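The values are calculated or read from the model by the stated rules, or taken from the named source; none is laboratory data. In this text, all values refer to a predicted model and were calculated from it rather than measured experimentally. In this analysis, Cβ positions are derived from the backbone assuming ideal geometry, glycine residues included, and neighbour counts consider all displayed protein chains. For the accessible areas, the whole protein counts, side chains as well, though only heavy atoms, and no ligand, DNA or RNA atoms are used. Shrake-Rupley method; radii C 1.70, N 1.55, O 1.52, S 1.80 Å.
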Amino acid sequence: LNHYNIKTPLISYHEHNKKSQGHKLIALLKEGKDIALVTDAGTPGISDPGEDLVRDAIEAGINIVPLPGAVAAICALVASGLSTKQFVFEGFLPKKSQERTKRLLELASDERTIVFYEAPHRIAKTLKALKDTLGNRRAVIAREMTKIHEEFIRGPLEELIQRFEEIKPKGEMVIVVEGAKADSNAPDGQGAVLSEHDVTPEELKGKLESIIKENIAQGHTKNQALKIAAEKLGLSRNEAYDLLIDKLD
């Protein structure tokens, strides 16, 4: 704005002041003023408090005029090399472990490419959660897009986890993960445990019991623990239940 000698007043609006500032902005709009909602990156209203201001303005009968602009999720998807035919944007995952796992399990069988936003200090934990629930799928991390240090990091989730164990993550990130395979209900890269690893039913039963106990200790219900264990071992929930039915009765 300084560069183009634009002197229009700027008003700070963010997650921590959106209620108080939102009322003031709506009041200005009702007076007949025009307000442009802008951000320092991406499109306002996408995974940010601009969503609240738009909703409040609509409820107040104020006209909304969208202007097209860059969206980090779409830019990352286009450059990812993964399928763009169908995709789902999830934004930021829940911060609490149990809620995050629950949401990821709901996505485990989704065949669409999945797009997430994540902050650098949580990227390692999120990548591990993705691998634990979705399997070792192909993924891409896009960071600092359109800036000097723009980078696209591609590879299986396991490799991305190792990458950020060695290098301190910097910059806001978009994670793009391939969808589930159409011919499998198990997480990608985790199917056919019995044939691949020559595990006997009793050994598999022992693995299931161990994972279930760990999950229950972490605060999951018995049903959630069973579902997570089944996903990790490439089994359907019914297959896991059949193995453990005498333990669950």
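Listed by first and then second residue, the pairs linking a residue in segment 1-29 that is within 21 Å of ASN63 (Cα to Cα) to a residue that is part of a helix (DSSP H, G or I), with Cβ atoms under 6 Å apart and 6 or more places separating them unless they lie on different chains, are TYR13/GLN21; LYS18/ASP52; GLY22/LEU53; GLY22/ASP56; ILE26/ASP56. Criterion first (under 21 Å from LYS227 (Cα atoms), open to solvent by 30 Å² or more (accessible area, probe 1.4 Å), of a type outside the set (Asp, Glu) and modelled with pLDDT under 95) does LYS102 satisfy it? Yes; evaluated as a whole, the condition is true for this residue.
Cβ-Cβ distances below 6 Å connect the following pairs, each with a first residue in segment 114-139 that is at pLDDT 95 or above, a second residue that is open to solvent by 50 Å² or more (accessible area, probe 1.4 Å) and small (Gly, Ala, Ser), and a separation of six or more residues or different chains: TYR117/SER47.
Among the residues of segment 111-133, what is the count of those that are more than 23 Å from THR43 (Cβ to Cβ) and open to solvent by less than 30 Å² (accessible area, probe 1.4 Å)? Adding up the residues that qualify gives 4. Residues that are in contact with a Gly (Cβ under 8 Å, 6 or more places away or on another chain) and not in a strand (DSSP E or B) were ranked within segment 109-128; the one that is nearest to ALA73 (Cα to Cα) is ARG112.
Among the residues of segment 134-184, those that are under 28 Å from ALA230 (Cβ atoms), in contact with a helix residue (DSSP H, G or I) (Cβ under 9 Å, 6 or more places away or on another chain) and open to solvent by 90 Å² or more (accessible area, probe 1.4 Å) comprise ARG138, GLU165.
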